[in-house]
Amino acid sequence: MIAHLPILQVIIPLLAAPICLLLNRSKLVWLFSLLASGLAFSISILLLQQVMTSGVISYELGGWQAPWGIEYRIDNLNAFLLLIISGISTVVLFAAQTSIEKEIPKDKHVYFYVLYLLSLTGMLGIVATGDAFNVFVFLEISSLSAYALIAMGNKRQALWASYQYLIMGTIGATFILIGIGLMYQMTGTLNMEDLSQRLPEVAQTRTVFVSFVFVIVGVCLKLAMFPLHLWLPNAYAYAPSIVTAFFAATATKVAVYLLIRFTFSVFGLSFSFTTIPLQTLFMALGLFGIFVASTTAIYQSNVKHLFAYSSIAQIGYMIVGFSLSTVTGLTATLLHMFNHALMKGAIFLALAAVVYRVGNVELKNFRGLGRQMPLTMAAIVIGGLSLIGVPLTVGFVSKWYLLTALVEQGWWPIAVLILLGSMLAVVYVWRVIEVAYFKEPLEQNVEVKEAPMSFLIPIWTLVIANIYFGIDTRLSVQVAEAAAQSLFGVSP
Amino acid sequence: MNLSLELMLQLCIIMPLLATLAIVASGRHPNIREGVTIATCLALIFLVVSLYQGLSAGESISVYWWELLPGLTISFDIEPLGMLFALVASFLWLVTTIYAIGYMRSHQEKNQTRFYVCFAVAIGAVMGLAFSANLFTLFIFYEVLTLSTYPLVTHAGTEKAKKGGRIYLGILLSTSIVFFLLAIVSTWLVAGTLDFTLGGIFADDVDKVIASILLVLFIFGIGKAAIMPFHRWLPAAMVAPTPVSSLLHAVAVVKAGVFTVLKVCIFIFGLDLLAELPSTQFLLYLAGASVLLASLIAMRQDNLKARLAYSTVSQLGYITIGALLATSSGVIGSSMHIAMHAFGKITLFFCAGAILVTLHKSKISEMRGIGRQMPVTMIAFFIASLSIIGVPPTGGTWSKWYLMMGTIETEQFVLMVILMLSTLLNIAYLLPIAFHAFFPNLTSFKTSDKSNNTTNITKERLPSFEIKEAPLPSLIAIVVTTLGCLTLFIYPQPLFDLASAILTGRG
């Protein structure tokens, strides 16, 4: 059993999805999905433990040997990601049943869970596999189910948002496919490990160069890096709230993982950072992303939009850390992936609770909620403080590492810019807080009460995780550091 | 009781936080709730005094909590400067609580439970800050203090409170995150440690330019020290209820700022390095400018609390100057001034609040003649003014004396003149208030009635001569802090011993 963990990680949610169709009873399906996701979470914990103690796990699918058969390869990096994805998915699912009651018509509940599980499968698959073509397959599984999930939103704009995402996502996926195809043409292999050994021989050819560019652009589309982020705000704002919480915390992280995997493992550090001026380009785009997206966030009147733009800005921080191409920089990025998942998971779940009680998340409807939904609002406050990077929250940990990485390399001006960027976060977070705590409630909202327990428990689980991992950083820092070191080929 | 000193130290920080639970639980019964708060105050004073005795007995008291990031620990260590700050803060917390009970009840403020909860969190943060053993721990409590006082500043919940809160939080958070955090990260990378060490942590051959930049970042980043141009939050925070202004803006928050400045100057840079840095001179003049300008602005304020706020900005400049002078008399003067100014300024704020609660007056121009109604309050105001000015028989004399000594020793005559000028300005903006309260210069108006050719001379009338003092708890608080000002003049020895022990190591 233990030996098969890498494949079980992916196959459990994959098989659970069609079984959901058979069960066909909303509540039952919910419990079953929760079980499947919970199992995936426990597997990811076991995998991480195993990787931390005994190193990389290589699993050959169907017993076919590696370069020919499909290999699942779990190292520190993807074990970390698997943990984030399955963990967030499980916590979010807790609140799912209550939330979709109000947002999705009853006859579609079962489909919702089926798609949710498929999307989870896709993400776990992208991360777990060691095969480049397999990445594409899982990418399509997760994306297609994501388009459908977003389209389930109860406003008509959801369809348009989903369509936008479909177009952009498909372009991205196609680019990645083209890139992988060109790589295959040059090397005759799809196994990532194998690719990384064979690519240097043909590194000087134009084909490899083109395939690299295709992959990078494709991945950047998926991760909504500025200026390729246009699909994200609407997709997050109009999707059902639970879907937003799940995607905001995980989907872009998977794309960042792909970026790291392709640049560091497949193409190799020296190729990636010398053929095109990746460092300058990404640092500039990352900074632009932080400032433009944060500023846009300030002017949003829909709170989901506001935090969606904030997500784009946070991706900017990850990109800046990545662009440094140092161990500390990469550690900062990995830490921020973990930490950002916790903050945004908490915030968007709290927003889901607001939607459940108030009906929408227009800023004006937040008036007086500080008193009417104290626990939910407190969660947004703590999540917001974490976004700002206040000490004792997870946001501070990643900010500390990012700053260290920048100052270490002598990038003082960039460090100042990063800090100024986080001041913008103060502004947009405080807009929400001021409305919630200083204004009298709107007339139609006088009756609004605190969210039910089915929301509060998952929300506060994530909030407490925000604080806990801001205080006890051993797990996140150790894993992130080990992953970064192994990507650089430094033995820890 | 037989608690170990280490446990006591931890209790100082944890107990106020635990008290918040009891305060919330007893929120419906104001008497129990206030009882809990006062019991916590008393227990805290007991703990701090026991720690003081331990420190005087020459014991070293330090606690290690956990490692937050590799190499960066949350740990505490008691040294004389922190002890001094903790003593002042814990004692004045008790006094303020007594005052607040009178004030909040007679003012019928809402959300009093939230008020006492935030108060307790703030004092816990101050204790953590005072005892922190490294810059990292200090920074964490510094931010906790900022955030826990935000609800206090915006307590009224009005549009004006919201605006004031915005400035308060905006300046304190942005300076601390943009400058202070950057300075800490850089120090960590340059020096390899953040532990407070007597004589500084930088190597002897550290690049002077980098150290200079870091010093500027630190002084700008510690926004709580309110050096111009980062002082705007202090007057903005005056929208808070008076007990908040008095404790937080005469003691906890602002003193946390200058305390951090002192800590950084003495234990991160070390006085020797500090004296050599080119940026020190620049910062000294900046602080000097801050002292003078703030005094000048204070003269033009008609709102009593705003005048006191600017006066605080100016007095904080004294402490920063003392720290940057990098001599032992400067440090002694600065650290004594933390205590002296705290007692003086808190009395002044208490008086301002008392006037507001009983006579509903906040403008200085309306306060003529009120000495007859509130004699005790106004006498206290007079004595506290003397302490701020720095003349006998009040405690302010001593700290100003040492600060002056410091400027003379280092031959900073410009600064000496600034300090003297500022003293004159203090007299000009503080004494008239008490003076007019007792000797109102009443103006007469001549009005002539043209129709029947008569001229009436109307004398401005004083409202009433009936004695109408502040609520009893508030009055007690005022008397206690005023006596404190006087006692510190007669008996400054323990304070001086603590202050002079800072540079020699443990007392």
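Can you confirm whether A:VAL381 is within 10 Å of another protein chain (Cβ to nearest Cβ), β-branched (Val, Ile, Thr) and more than 22 Å from A:LEU330 (Cα to Cα)?
Numbers: within 10 Å of another protein chain (Cβ to nearest Cβ): yes; β-branched (Val, Ile, Thr): yes; more than 22 Å from A:LEU330 (Cα to Cα): yes.
When the stated conditions are applied, A:VAL381 passes them.
So is B:THR397 under 21 Å from the mean Cα position of the chain (by Cα), of a type in the set (Ser, Thr, Tyr) and farther than 28 Å from B:ALA287 by Cβ or not? Give the steps one after another, and end with the answer.
Working: under 21 Å from the mean Cα position of the chain (by Cα): yes; of a type in the set (Ser, Thr, Tyr): yes; farther than 28 Å from B:ALA287 by Cβ: no.
So B:THR397 fails the test.
Yes or no, residue by residue, for (1) surrounded by 20 or more Cβ atoms within 10 Å (Cβ to Cβ); (2) within 18 Å of the chain's Cα centre (by Cα); (3) in contact (Cβ under 8 Å) with a residue 24 or more places away in the chain:
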| residue | (1), (2), (3) |
| --- | --- |
| A:ARG206 | no, no, no |
| A:VAL215 | yes, no, yes |
| A:LEU221 | yes, yes, yes |
| A:LEU228 | yes, yes, yes |
| A:THR244 | yes, yes, yes |
| A:GLY268 | no, no, yes |
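Of the residues in segment B:128-165, how many are more than 23 Å from B:GLN10 (Cβ to Cβ) and not in a helix (DSSP H, G or I)?
Result for segment B:128-165: 5.
What's the total number of residues in segment A:44-83 that are under 22 Å from the mean Cα position of the chain (by Cα) and either of a type in the set (D, E, K, R) or assigned to a loop (DSSP other than H, G, I, E, B) (or both)?
2
Give me a count of the residues in segment B:196-222 that are surrounded by fewer than 19 Cβ atoms within 10 Å (Cβ to Cβ), not β-branched (Val, Ile, Thr) and not in a helix (DSSP H, G or I). If you could, list the steps in order and put the result at the bottom.
First, the residues of segment B:196-222 that are surrounded by fewer than 19 Cβ atoms within 10 Å (Cβ to Cβ): B:197-199, B:203-210, B:212-213, B:216.
This time we only want the ones that are not β-branched (Val, Ile, Thr), so: B:198-199, B:203-205, B:207-208, B:212.
With the extra rule that they be not in a helix (DSSP H, G or I), the set shrinks to B:198-199, B:203-205, B:207.
Selection size over segment B:196-222: 6.
Filter segment B:161-170 down to the residues that are more than 11 Å from chain A (Cβ to nearest Cβ) and of a type outside the set (Gly, Ala, Ser) and list them by number. Explain how you work it out, then say what you get.
Let us first name the residues in segment B:161-170 that are more than 11 Å from chain A (Cβ to nearest Cβ), namely B:164, B:167-168.
Within segment B:161-170, B:ILE167, B:TYR168 meet the criteria.
If I filter segment A:402-425 for residues that are farther than 20 Å from A:VAL320 by Cα and either among the hydroxyl-bearing types (Ser, Thr, Tyr) or surrounded by fewer than 23 Cβ atoms within 10 Å (Cβ to Cβ) (or both), do I get at least one hit? Write out each step before concluding.
Narrowing segment A:402-425 to residues farther than 20 Å from A:VAL320 by Cα: none.
No, because not a single residue in segment A:402-425 is farther than 20 Å from A:VAL320 by Cα and either among the hydroxyl-bearing types (Ser, Thr, Tyr) or surrounded by fewer than 23 Cβ atoms within 10 Å (Cβ to Cβ) (or both).
For segment B:88-114, which positions are more than 19 Å from the chain's Cα centre (by Cα), part of a helix (DSSP H, G or I) and either within 29 Å of B:TYR52 (Cβ to Cβ) or of a type outside the set (A, V, I, L, M) (or both)? Spell out how you get there, then give the answer.
Step one: list which residues in segment B:88-114 are more than 19 Å from the chain's Cα centre (by Cα), which gives B:101-114.
After this cut, where a residue has to be part of a helix (DSSP H, G or I) as well, the list is B:101-107, B:112-114.
Matches in segment B:88-114: B:ILE101, B:GLY102, B:TYR103, B:ARG105, B:SER106, B:HIS107, B:GLN112, B:THR113, B:ARG114.
Could you please let me know if B:TYR52 is aromatic (Phe, Trp, Tyr), under 16 Å from B:LEU498 (Cα atoms) and part of a helix (DSSP H, G or I)?
Values: aromatic (Phe, Trp, Tyr): yes; under 16 Å from B:LEU498 (Cα atoms): yes; part of a helix (DSSP H, G or I): yes.
Yes; evaluated as a whole, the condition is true for this residue.
If you check B:GLY54, B:GLY71, B:GLY27, which single one turns out to be within 14 Å of another protein chain (Cβ to nearest Cβ), touching a helix residue (DSSP H, G or I) at 6+ places or on another chain (Cβ under 6 Å) and surrounded by fewer than 23 Cβ atoms within 10 Å (Cβ to Cβ)? Working first, answer last.
On the way: B:GLY54 fails: within 14 Å of another protein chain (Cβ to nearest Cβ); B:GLY71 fails: touching a helix residue (DSSP H, G or I) at 6+ places or on another chain (Cβ under 6 Å).
On inspection, the qualifying residue turns out to be B:GLY27.
Filter segment B:159-180 down to the residues that are in contact (Cβ under 8 Å) with a residue 60 or more places away in the chain and of a type in the set (Val, Ile, Thr), then identify the one that is surrounded by the fewest Cβ atoms within 10 Å (Cβ to Cβ).
Ranking the candidates gives B:ILE167 first.
Is it the case that some residue within segment A:371-388 is assigned to a helix (DSSP H, G or I) and touching a Pro at 6+ places or on another chain (Cβ under 9 Å)? Don't jump to the end; show me each part of the working.
Here is the first cut: in segment A:371-388, the ones assigned to a helix (DSSP H, G or I) are A:371-372, A:374-388.
This time we only want the ones that are touching a Pro at 6+ places or on another chain (Cβ under 9 Å), so: A:371-372.
Looking through segment A:371-388, at least one residue is assigned to a helix (DSSP H, G or I) and touching a Pro at 6+ places or on another chain (Cβ under 9 Å).
Working only within segment B:324-353, note down all residues that are more than 16 Å from the chain's Cα centre (by Cα) and over 24 Å from B:LEU94 (Cβ atoms).
B:LEU324, B:LEU325, B:ALA326, B:THR327, B:SER328, B:SER329, B:GLY330, B:VAL331, B:ILE332
For the list (1) under 20 Å from B:ILE167 (Cβ atoms); (2) touching a Leu at 6+ places or on another chain (Cβ under 9 Å), I need the number of the one condition that B:VAL264 fails.
It fails just one condition, (1).
Taking only segment B:166-195 into account, find how many residues are within 20 Å of B:LEU271 (Cβ to Cβ) and assigned to a loop (DSSP other than H, G, I, E, B).
If we filter segment B:166-195 for residues that are within 20 Å of B:LEU271 (Cβ to Cβ), which is where we start, we get B:183, B:187, B:190-191, B:193-195.
Now drop any that are not assigned to a loop (DSSP other than H, G, I, E, B), which leaves B:193-194.
Residues that pass the stated criteria total 2.
Among the numbered conditions (1) in contact with a helix residue (DSSP H, G or I) (Cβ under 8 Å, 6 or more places away or on another chain); (2) surrounded by fewer than 20 Cβ atoms within 10 Å (Cβ to Cβ), tell me where B:TYR64 comes up short.
All conditions are met except number (1).
Quick check on segment B:420-432. Is at least one of its residues in a helix (DSSP H, G or I), free of Cβ contacts under 8 Å to residues at least 40 places away in the same chain and within 19 Å of the chain's Cα centre (by Cα)?
Yes: segment B:420-432 contains one or more residues that are in a helix (DSSP H, G or I), free of Cβ contacts under 8 Å to residues at least 40 places away in the same chain and within 19 Å of the chain's Cα centre (by Cα).
Only one residue in A:LYS344, A:LYS304 is in contact with a Phe, Trp or Tyr (Cβ under 9 Å, 6 or more places away or on another chain), more than 22 Å from A:PHE438 (Cβ to Cβ) and of a type in the set (Lys, Arg). Which one?
After applying the criteria, what remains is A:LYS344.
Residue by residue through segment A:440-492, note down the ones that are aromatic (Phe, Trp, Tyr) and within 13 Å of chain B (Cβ to nearest Cβ).
Residues of segment A:440-492 that are aromatic (Phe, Trp, Tyr), as a first pass: A:455, A:460, A:468-469, A:488.
A:TYR468, A:PHE469 - these are the residues of segment A:440-492 that are aromatic (Phe, Trp, Tyr) and within 13 Å of chain B (Cβ to nearest Cβ).
Name the single residue that is nearest to the other protein chains (Cβ to nearest Cβ) among those in segment B:145-158 being crowded, with 22+ Cβ neighbours inside 10 Å and more than 19 Å from A:GLY389 (Cα to Cα).
B:THR154
Which residue pairs have Cβ atoms closer than 8 Å, lie 6 or more positions apart in sequence or on different chains, and pair a first residue in segment A:415-431 that is more than 7 Å from every other protein chain (Cβ to nearest Cβ) with a second residue that is not hydrophobic (A, V, I, L, M, F, W, C) and not in a helix (DSSP H, G or I)?
A:ALA425/A:GLY389; A:TYR428/A:GLN300
So, B:LEU129, is that one buried (at least 23 other Cβ atoms within 10 Å of the Cβ) and in contact with a Phe, Trp or Tyr (Cβ under 7 Å, 6 or more places away or on another chain) or not? Spell out how you get there, then give the answer.
Details: buried (at least 23 other Cβ atoms within 10 Å of the Cβ): yes; in contact with a Phe, Trp or Tyr (Cβ under 7 Å, 6 or more places away or on another chain): yes.
It is true that B:LEU129 is buried (at least 23 other Cβ atoms within 10 Å of the Cβ) and in contact with a Phe, Trp or Tyr (Cβ under 7 Å, 6 or more places away or on another chain).
Which pairs have Cβ atoms under 7 Å, sit 6 or more apart or on different chains, and link a residue in segment A:126-137 that is of a type in the set (Asp, Glu) to one that is assigned to a strand (DSSP E or B)?
From segment A:126-137, the pairs are A:ASP131/A:GLU71; A:ASP131/A:ASN191.
Given the conditions (1) small (Gly, Ala, Ser); (2) touching a residue at least 60 places away in the same chain (Cβ under 8 Å); (3) touching a Phe, Trp or Tyr at 6+ places or on another chain (Cβ under 8 Å); (4) within 14 Å of chain A (Cβ to nearest Cβ), which single one is not true for B:ALA86?
Every listed condition holds for B:ALA86 apart from (4).
Condition first: closer than 25 Å to B:GLY221 by Cβ, buried (at least 24 other Cβ atoms within 10 Å of the Cβ) and of a type outside the set (D, E, K, R). Can you find one or more residues in segment B:341-359 that meet it?
Start the filter on segment B:341-359 by keeping residues that are closer than 25 Å to B:GLY221 by Cβ, which leaves B:341-342, B:345.
Applying the additional criterion that residues be buried (at least 24 other Cβ atoms within 10 Å of the Cβ) yields B:341-342, B:345.
The next check asks that each one be of a type outside the set (D, E, K, R); those that pass are B:341-342.
Checked segment B:341-359: at least one residue is closer than 25 Å to B:GLY221 by Cβ, buried (at least 24 other Cβ atoms within 10 Å of the Cβ) and of a type outside the set (D, E, K, R).
Any read-out appearing in this document is the output of simple, stated calculations on the displayed coordinates, not a laboratory observation. Only a predicted model underlies this, so the values are computations on that prediction, with no experimental measurement involved. All Cβ positions, glycine included, derive from the backbone under ideal geometry; neighbour counts span all protein chains shown.
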